[in-house]
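Read the structure below first, then the notes.
The values are calculated or read from the model by the stated rules, or taken from the named source; none is laboratory data. A quick note: this is a predicted structure, and the numbers were derived from the prediction, not measured. We place every Cβ from the backbone using ideal geometry, glycine too, and count neighbours over all the protein chains shown.
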Amino acid sequence: MNDIAVRCKNIWPGLGIAIITGMAALFLSEHYNAPVMLFALLLGMAVSFLYQKDTPCSCGIDFTASTLLRAGVVLLGLRVALGDLIVLGWQTALMLAGAIFTTIVLGVFLAKTFGLQKRFGALTGGSVAICGASAALAISTILPKGENHERDTLLTVIGVTAMSTIAMIVYPIIAAQMGMDDIKAGIFLGGTIHDVAQVVGAGYSVSEEAGDMATLTKLVRVAMLMPVVLIMMLIIKRFYTTKQNMKEGDVPKVPLFLVGFIAMMLLNSFVTLPEYIVGTGSQVSRFFLVVSITAIGMKSNLGKLAEVGALPIMMILTETIWIALLILGYLYFL
């Protein structure tokens, strides 16, 4: 019992500052109508001096960037129901699965071409293909931990948030110029824009019907997060354990947050939950993820970010264009 009390005492300073910083990011996001994840990262980096070795905040910041992050991913499962796949149709769901798979493969290929680590390509490809910053955070928890783990996660979140914001403005214009009806516009927006909030903003800027379809399409992409994470874990176990710089204990086992996400998704699929429970769970999930991002920002090293250069942004831009072209091609022949 004493050990638990001591651990809680060590966690509270860092957790408290991360929560306060996350609340500030939420306020600025609502006030200026800008992506909350971007504000969370910037504010976290602004107080990164708090994350120093043996400081009172370091333990709590580590807890927020890991345990609280996993809790946020678990609650993300309440947004998804298996019935979404049925409503959208198997053809569109299959097309989305193909787009996700090829985008991740493209990310790995680009990373290898640019001389970066293939796991960084899987991270960027997965975040672009599925659900932006949320996917980046979930995937990063199962990738092998390396020297630049936090840096890579931070770069990916910055890149996909920026691209998602640009897409929220540009893609509705593209849909209008191509003469898409509300259904096709919704599929295009939901199938290509990275973050859920930007999908909702873009969809309902077209029409209510387009907004509903865009949100549904996006939720189907979110539902594919856990299969992707499972497949990545199998690949890591198959290939990374053969390398000399990896020990068997470094290979991730099936994490509890993955089981929790699936449990929440099944609960939402087969039990009619009150709207306030689903809504509250989604809001808590969003808050946990925002606070986790601030903690990751606090752990960042701006010098290391500058060393990487423009290559990660080029990768994310290429992946973004790729998935957009795939969805447009599907809609053209639909």
Next item on the list: Could you look through the stretch 266-300, keep only residues that are surrounded by 20 or more Cβ atoms within 10 Å (Cβ to Cβ), at pLDDT 85 or above and among the hydrophobic types (A, V, I, L, M, F, W, C), and pick out the one that is farthest from V229 (Cα to Cα)?
Entry: M298
Next item on the list: Look through the stretch 158-168, keep the residues that are β-branched (V, I, T) and modelled with pLDDT of 85 or more, and return whichever of them is surrounded by the most Cβ atoms within 10 Å (Cβ to Cβ).
Entry: V160
Check: For E147, which of the numbered conditions (1) within 20 Å of M298 (Cβ to Cβ); (2) of a type outside the set (F, W, Y); (3) in a helix (DSSP H, G or I); (4) without any contact (Cβ under 8 Å) to a residue 24 or more places away in the chain fails to hold?
Finding: (3)
Note to self: Just the residues that are over 15 Å from E319 (Cβ atoms) and in contact with a Ser or Thr (Cβ under 7 Å, 6 or more places away or on another chain), please, taken from the stretch 105-147.
What the structure shows: L137, S140
Note to self: Need the failing condition index for D182 against (1) of a type outside the set (S, T, N, Q); (2) touching a helix residue (DSSP H, G or I) at 6+ places or on another chain (Cβ under 7 Å); (3) at pLDDT below 85, just the number.
What the structure shows: (3)
Next item on the list: List every residue pair whose Cβ atoms lie under 8 Å apart, where the two residues are 6 or more positions apart in sequence or sit on different chains, the first residue falls within the stretch 315-334 and is over 18 Å from M180 (Cβ atoms) and in contact (Cβ under 8 Å) with a residue 12 or more places away in the chain, and the second residue, located anywhere, is outside any helix (DSSP H, G or I) and not charged (D, E, K, R).
Entry: M315/F114; M315/L116; T320/H194
Item checked: Subset of the stretch 102-144 (residues that are polar (S, T, N, Q), modelled with pLDDT under 85 and part of a helix (DSSP H, G or I)) -> S134
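Looking at the structure I just gave you, is I158 in a helix (DSSP H, G or I), farther than 21 Å from L137 by Cα and of a type in the set (A, V, I, L, M, F, W, C)?
No; evaluated as a whole, the condition is false for this residue.
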Check: So Y204 fits all but one of (1) part of a helix (DSSP H, G or I); (2) in contact with a Gly (Cβ under 6 Å, 6 or more places away or on another chain); (3) crowded, with 19+ Cβ neighbours inside 10 Å; what number is the exception?
Finding: (3)
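Residues are listed down the side, and each one gets a yes or a no for (1) surrounded by 24 or more Cβ atoms within 10 Å (Cβ to Cβ); (2) under 13 Å from the mean Cα position of the chain (by Cα):
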position: T124; (1), (2): yes, yes
position: I174; (1), (2): no, no
position: M180; (1), (2): no, no
position: A185; (1), (2): yes, no
Notebook entry, point to check: Which one is modelled with the lowest pLDDT among residues in the stretch 31-76 that are charged (D, E, K, R) and assigned to a loop (DSSP other than H, G, I, E, B)?
Noted result: K53
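So that you can scan it fast, the table gives a plain yes or no per residue for (1) of a type in the set (S, T, Y); (2) under 30 Å from P227 (Cβ atoms):
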{"residue": "N10", "(1), (2)": "no, no"}
{"residue": "L41", "(1), (2)": "no, yes"}
{"residue": "T64", "(1), (2)": "yes, yes"}
{"residue": "L68", "(1), (2)": "no, yes"}
{"residue": "G89", "(1), (2)": "no, yes"}
{"residue": "M95", "(1), (2)": "no, yes"}
